[in-house]
Amino acid sequence: MVDWSPIDQWVECAKLERAGIVFEVRNAQGQTLLTACMPEKPKAPFDWTGPPIEFRPVPEAPAEHSSPLPEPS
């Protein structure tokens, strides 16, 4: 696992970007979100209690098949 980098270095995410990699962003309270690299720093979701402070690249979770829909009745 890669160490956390300060959110001020977000522009460096482009150098770390690879297929199958997303970025985990964390705030001081330990709340996290996953995002792709983008030009602007990610904004905190409405339910976060503080701004993002650090990020790291992590493997993207594999896609999962959903359950089939039930037959119409």
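Each reported figure results from applying straightforward, stated rules to the coordinates on display, with no laboratory input. Just so it is clear, the structure is predicted and the values come from calculations on it, not from any experiment. With ideal geometry, Cβ positions are generated from the backbone for all residues, glycine too; neighbour counts draw on all protein chains shown.
Some notes on this structure:
- Each Cα pair under 8 Å and six or more residues apart adds its sequence gap; the mean of these over the residue count of the chain is a relative contact order of 40 percent.
- Surrounding net charge for residue 32, when Lys and Arg each add one and Asp and Glu each subtract one, Cβ distance under 9 Å: 0
- Both radii come from the Cα set of segment 1-61: Rg as radius of gyration, Rh as Kirkwood radius; their ratio Rg/Rh reads 0.93.
- Most mobile of 63, 19, 44 in a GNM of the chain (Cα contacts under 10 Å): 63
- Within the shell of other residues whose beta carbon sits under 9 angstrom from the beta carbon of residue 52, the net charge comes to +2, with Lys and Arg scored +1 and Asp and Glu -1.
- The charge dipole of the chain, taken about its Cα centre with unit charges on the Cβ atoms of Lys, Arg (+1), Asp and Glu (-1) only, comes to about 180 debye.
- Using the Cβ-Cβ distance between residue 43 and residue 69 with R0 set to 25 Å, the FRET efficiency from 1/(1 + (r/R0)^6) comes to roughly 0.10.
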